[in-house]
Amino acid sequence: MTTVETRPVAQQATDCAPECALRPGEACRLCQPGATGPDDCPVAWLVRHDPELSAQLRAQLEARRCA
């Protein structure tokens, strides 16, 4: 007989949710209108392609790791 693990629906949804490109460790909240995930998020795209914003994000992530 096979046992099936059951979990709350909310937890199941976050298990496969893509991670936010700007808030590492958090699931993508689809906070930008029209975005279907981090791959087509206009804010994530802007941060990835703008040298200053990209450097700021890297600095924040590094500070978070060191804390």
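Compared with the direct C-alpha span, the chain from A17 to D40 gains 6.8 nm at full extension, assuming 0.36 nm per residue.
By the compact-protein rule of thumb, 2.2 N^0.38 Å, the alpha-carbon radius of gyration of the stretch 9-66 corresponds to a ratio of 1.23.
Amide H contacts of E19: C28, each under 5 Å away and 5 or more positions distant or on a separate chain (H built 1.01 Å from N in the peptide plane; Pro and chain starts excluded). Annotation: extensible slack from L61 through R48 equals 3.3 nm (criterion: 0.36 nm per residue apart, minus Cα-Cα distance).
Read-outs throughout are calculated quantities, based only on the coordinates presented, and are distinct from any laboratory measurement. Predicted model only: the values in this text are computed from it and were never measured.
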